[in-house]
1. Could you list, in sequence order, all residues of region 82-97 that are within 20 Å of Cys43 (Cα to Cα) and either assigned to a loop (DSSP other than H, G, I, E, B) or not aliphatic (A, V, I, L, M) (or both)?
2. Out of Ala76, Ala17, I need the residue that is touching a helix residue (DSSP H, G or I) at 6+ places or on another chain (Cβ under 9 Å), of a type outside the set (Ser, Thr, Tyr), without any contact (Cβ under 8 Å) to a residue 60 or more places away in the chain and within 15 Å of the ligand (Cβ to nearest atom). Which one?
3. Name every residue in region 63-81 that is within 18 Å of Gln52 (Cα to Cα) and either touching a strand residue (DSSP E or B) at 6+ places or on another chain (Cβ under 7 Å) or part of a strand (DSSP E or B) (or both), in order of residue number.
4. Confirm whether Val32 is surrounded by 16 or more Cβ atoms within 10 Å (Cβ to Cβ) and among the aliphatic types (A, V, I, L, M).
5. Please find, within region 24-44, the residue that is farthest from the ligand (Cβ to nearest atom) out of those that are outside any strand (DSSP E or B) and in contact with a strand residue (DSSP E or B) (Cβ under 8 Å, 6 or more places away or on another chain).
6. Name the one entry in Val54, Val97, Val83, Val60 that is modelled with pLDDT of 95 or more and surrounded by fewer than 14 Cβ atoms within 10 Å (Cβ to Cβ).
Amino acid sequence: MFTKLASQSDLPGLNEAKEFPCGGKTVCVANVNGEISAMENTCLHRGGPLGQGVISGGKVVCPWHGWEWDPKTGEAGPPGAKVAVYPVKIEGGDVLVEM
Ligand code: FES
């Protein structure tokens, strides 16, 4: 089921990431070249807040130690490192995610 995460006007700017609370979790929303993706916000290395990172080369860079996360697949460099990715859609000015 899709639930409202934010208003479209709250989305991160071009090639930026941002974190949003949702249902007791925090979601990292990334805008890569205008394409919006949502994934789990907590870095699997030491728990860094991915939504506070920058985007480099299409990846969200963890602000703590620099692991690079692909917001479309939820994968980072180290083999097996993968966070949940959530389907996103925008409807009537609302950003909806399926968690
Ligand atoms: S906590 Fe993310 S790279 Fe270390």
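1. Of everything in region 82-97, those that are within 20 Å of Cys43 (Cα to Cα) and either assigned to a loop (DSSP other than H, G, I, E, B) or not aliphatic (A, V, I, L, M) (or both) turn out to be Lys82, Val83, Ala84, Tyr86, Pro87.
2. Values: Ala76 fails: touching a helix residue (DSSP H, G or I) at 6+ places or on another chain (Cβ under 9 Å).
Matching residue, one of Ala76, Ala17: Ala17.
3. Going through region 63-81, the residues within 18 Å of Gln52 (Cα to Cα) turn out to be 63-72, 74-76.
Answer for region 63-81, where residues must be within 18 Å of Gln52 (Cα to Cα) and either touching a strand residue (DSSP E or B) at 6+ places or on another chain (Cβ under 7 Å) or part of a strand (DSSP E or B) (or both): Pro63, Trp67, Glu68, Trp69, Asp70, Pro71, Lys72, Gly74, Glu75, Ala76.
4. Numbers: surrounded by 16 or more Cβ atoms within 10 Å (Cβ to Cβ): yes; among the aliphatic types (A, V, I, L, M): yes.
So Val32 fits the description; yes.
5. Just the residues of region 24-44 that are outside any strand (DSSP E or B), to begin with: 24, 33-34, 41, 43-44.
Adding the requirement that they be in contact with a strand residue (DSSP E or B) (Cβ under 8 Å, 6 or more places away or on another chain) leaves 41, 43-44.
Details: Asn41: 11, Cys43: 3, Leu44: 8 Å.
Among those that are outside any strand (DSSP E or B) and in contact with a strand residue (DSSP E or B) (Cβ under 8 Å, 6 or more places away or on another chain), it is Asn41.
6. On the way: Val97 fails: surrounded by fewer than 14 Cβ atoms within 10 Å (Cβ to Cβ); Val83 fails: surrounded by fewer than 14 Cβ atoms within 10 Å (Cβ to Cβ); Val60 fails: surrounded by fewer than 14 Cβ atoms within 10 Å (Cβ to Cβ).
Within the list Val54, Val97, Val83, Val60, the selection yields Val54.
The values are calculated or read from the model by the stated rules, or taken from the named source; none is laboratory data. This one's a predicted model, so the numbers in the text were calculated from it and none came from an experiment. Here the Cβ is made from the backbone with ideal geometry for all residues, glycine too, and neighbour counts use every protein chain on show.
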